[in-house]
1. Does residue A:271 fit the bill of being in contact with a helix residue (DSSP H, G or I) (Cβ under 9 Å, 6 or more places away or on another chain) and either more than 30 Å from residue C:118 (Cβ to Cβ) or crowded, with 23+ Cβ neighbours inside 10 Å (or both)?
2. Checking residue A:246 against (1) under 26 Å from residue A:152 (Cβ atoms); (2) within 10 Å of another protein chain (Cβ to nearest Cβ); (3) surrounded by fewer than 22 Cβ atoms within 10 Å (Cβ to Cβ); (4) at pLDDT 85 or above, which test does it fail?
3. Of all residues being more than 13 Å from chain A (Cβ to nearest Cβ), in contact (Cβ under 8 Å) with a residue 60 or more places away in the chain and outside any loop (DSSP other than H, G, I, E, B) in segment C:77-104, which is farthest from residue C:134 (Cα to Cα)? Just the residue, please.
4. Where residues in segment A:149-187 are under 24 Å from the mean Cα position of the chain (by Cα), within 13 Å of chain B (Cβ to nearest Cβ) and modelled with pLDDT of 80 or more, which of them is surrounded by the fewest Cβ atoms within 10 Å (Cβ to Cβ)?
5. Tally up the residues in segment C:439-466 that are touching a helix residue (DSSP H, G or I) at 6+ places or on another chain (Cβ under 7 Å), touching a residue at least 40 places away in the same chain (Cβ under 8 Å) and more than 11 Å from chain B (Cβ to nearest Cβ), please.
6. Mind counting the residues in segment A:213-231 that are closer than 10 Å to residue C:124 by Cβ and more than 7 Å from chain C (Cβ to nearest Cβ)?
7. So, in segment A:67-118, exactly how many residues are under 30 Å from residue A:129 (Cβ atoms) and touching a strand residue (DSSP E or B) at 6+ places or on another chain (Cβ under 8 Å)?
8. If the Cβ limit is 6 Å and pairs must be 6+ apart or interchain, which residue in segment C:273-298 that is within 11 Å of chain B (Cβ to nearest Cβ) and on the phi > 0 side of the Ramachandran plot pairs with which residue that is part of a loop (DSSP other than H, G, I, E, B) and surrounded by fewer than 21 Cβ atoms within 10 Å (Cβ to Cβ)?
């Protein structure tokens, strides 16, 4: 059952990816200014420009260029960056692990804090603990990530001088150095994500705790721990899983800014450079890569949801 | 006949004593929530101060003085920044820019999303699946990246950034409105209206729009909170409000460059953004609770 | 705990009046506790249940009956608190137990089943998982043995193929089957008391009969006591020995079922019995209880019932009566119990003489429905639609309605009766067949002609809470049809007042919003709105099913009254044959999308022909406790019937079905008494046609 569902969902994302590629490609066509100018720089001669235009097939009609571009993409060729004149695919490959580890660590942190908080709140809504945590959660959700980052730098780097303010060291070079550099950005990202998770899980739990089947389970003499830990949690987890999935996407987005503040050489940092330099092959590459990751994550979330929910699983 | 007359006599005696419906009733319920009221007053004060900035700001926000990074004093209430601007005056202008930008993004998103949602929910069929596929796609894409992609394509600037941001909020509105339309159009009162001979336009105008107003308002307020944060982030990255204009986000960016000298310049705009965002969310929650039907009445109905 | 179990086991026969009762609730008070206030929901309620006894707890919504029942096992929703009284069970006061001791009582000594079985099972786990869990919550039984026991239990509660079905998830069970699973879960540790909170309210009548029969069988076999909570007097009459009648959080009256139904001591009991459609003789105006049940926020002073009581005197408004026990079998809370002599059940069994039918139709029928068909495709078939079957919601349905006549359309859920109403209204497109109204085929009309014709067919829906737009005032709702048809302002105002008057509401109601009205009042508004365009036909889609018993009678009377005055015809859709019988001139019985029998209300109700109609009628419970109990309950539940599939749809459940019934669709047979029936049993009877 699950396998068939997985295949079906996999097939369903193909058109999605296709639309995405068109949308991404369209960015380059609506971009104001002459791409060849951007590629060649301000001092380029008309001959150089013409040569670039030919190389890039800029004279072809848009659909032809799209097919050409898509062919490249399918072979792993995302073009050459205007800024660095290096392969976009290689650059993304180099930077992806930085962003991915950042997102993953913050996701873990968020789960570690958000899930217990949400459950603690949901089991006894309206209690003093719940109300206290509610305030904390709503503050965490309203604090801008980039501001929180600056505050963390202020406290831990400038005042206490425990951690470096900015920069990055690869894990392979120095694991301790890597941890020191990644911890502040990861915490920054985890705060909002964890708060969102706590809030979703609380809502889910509050609904489920009042559900008929929880009352019925208690009427059968099941222990509170069993009713909450088995029946309530599994049902409350269903909507929460969806949110966690969405959050991973948001972590990637949040990483864009956080990487900028902490000067981490990740995808976000690359994207921002691309925007500032109007480097559209790079921008297209990043957008395509991130969107693909997000779509894949959504697929995983969908399947997890189906695994949790027999109604979907058997449909 | 007699039974009817008898019943009426009894009915008049048991009329529940409740205030009128609609916005007045909502307000009377909202007013009872302390947190939500505090949030509302706070937002009103900040908005008023921002709107009246030219009248109440003690200095010209663009004026450059020779006092760099001076601490708060009677002249400069919140001190000056690294360029010598009066921070308080800049804060007022910055808050206004941030609020207006957020309003632009949410306004665009709400009107676009409502239209999409109405079309999708009311027309159904092919239009519905097409529109919902598209919103799915956009929704999968984080809002900030969307805004950055648009800025990347159209160039930096507050309007471009907010257009990008509005794309990110639009699917949320579209789905909300669509869901509401689908729910409302199944209601017996809409079917009764169709039986009376009402046409589509009448039903949308008389039943659907009034009934989706309150969830829409809640969504707008929540989105305002998020838009404020996102606009801050974009300004911080230099993609939204461009100098010489200023917003809360760009003030933070300026402050970040002098983080080793003083924490004041990152604390002040950050606190204002956080307060505003918290308050918008608290107001939205307050309205939601005021609308909520999980009160005792509902409880008793299920009890019976 | 063990000593308690022994002492209760020694109790012996239920009749032993001297032994201590199994359960003794005394002086129970439950409040809804808010931050700044507390509302009493249950006040000073006492009741006892002896071993092996069947005790009923009856009341309308807001009476506090469910709160009382849930207080016994301490499963109150958040915000409700027991503030007084005791719950003695097997020698202990349950209100003083700690949570672990309480846990050991729940499911082990007291089992509970609920109203909504499908929501009372955890959707995320298989029923086997939940059964094994419930068994092992109280015993050390190994998992494998518990699984075998679970299969046994499913078999015991009447689930076919228990070995396979145990792996299934709750959503794969029908309502009736899910309730059987709930019962298996509740009795798996052989409790001494089973609390059943409206166990059959969500179920169809034939399924209700099966579940009640099952409960009675289990009760007998295991010597279990049963506390049955219900709003339905007939369920209590069918099942119970003792009954407690509750009103507005208090006990109104208590006693043996035989005594309470025959000689009620409280005016409320008398009124409830009188308002019950099954207690009334057709053609009479139903006795009504004016007003509606008060809410906890607006409790009247003095006797809670006095504003609605026909016998109220001045002191009733000021003095709350004490609970009195004037005689052996009587507990009552009424100031005037000593002086009143109240009527019990009226003679329900009396069959009225068949009404003389109106001279047959020289008039053109108002509505003619011919071979109406509506197919639909269930959505469960997955996205790529493999293996989908087209199901006929309405299959080859024909009938006529004369001007001013009421045709009742009865059937259980899934019979397609509401769909017929929607097809007539044009809310659902027809797949095939014709709807002719006042001689014109509606499918041939277009534009304004169609709009004008349709305006003369109006509707009243089931749920009074969904049928009025919460953002519109009552006046705007009633005036909406007039606005749509462009009636001028002054005329509109006048008409709205007039319409409100016709349904018994004062003009001040025009300015109120729906949330300020009770369910019955909203339904009156919906009726006023339906009358605005001077309709010739009103489709009433289960218009009283969501109302309390005491309000139902008011609305039925109103429908009859309006018909007498305005001559409007009704297509009255309902699931309760006795209600439909009260209001209809003729009745059509539907099963699985088809009409199986159509005839005069008298013939269908008193001399049913089709085996399904007979099954439906035998499942209708009497409110007379002396009436013979349920017998010969029809087996099974409706299964889906694919469109175009030949054979009689009822064949799979019919006791007299033959192979012929399964393969050949029966043709209509018009019998001498004017009834038309679709059944092969009548093939050889001479047809009048």
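The values are calculated or read from the model by the stated rules, or taken from the named source; none is laboratory data. Given the structure is predicted, the values throughout are model-derived calculations rather than measurements. A quick note on method: Cβ atoms are made from the backbone with ideal geometry, for glycine too, and the neighbour counts reach across all protein chains shown.
1. Numbers: in contact with a helix residue (DSSP H, G or I) (Cβ under 9 Å, 6 or more places away or on another chain): yes; either more than 30 Å from residue C:118 (Cβ to Cβ) or crowded, with 23+ Cβ neighbours inside 10 Å (or both): yes.
Yes; evaluated as a whole, the condition is true for this residue.
2. Only one criterion in (1) under 26 Å from residue A:152 (Cβ atoms); (2) within 10 Å of another protein chain (Cβ to nearest Cβ); (3) surrounded by fewer than 22 Cβ atoms within 10 Å (Cβ to Cβ); (4) at pLDDT 85 or above is unmet by residue A:246, namely (4).
3. C:85
4. Per the stated criteria, the residue is A:151.
5. Qualifying residue count for the region: 0.
6. Within segment A:213-231, the first condition is being closer than 10 Å to residue C:124 by Cβ, and the residues that meet it are A:213, A:230-231.
Okay, now just the ones that are also more than 7 Å from chain C (Cβ to nearest Cβ), so A:230.
Qualifying residue count, segment A:213-231: 1.
7. 0
8. Here the result reads C:291/B:14, each pair linking segment C:273-298 to a residue that is part of a loop (DSSP other than H, G, I, E, B) and surrounded by fewer than 21 Cβ atoms within 10 Å (Cβ to Cβ).
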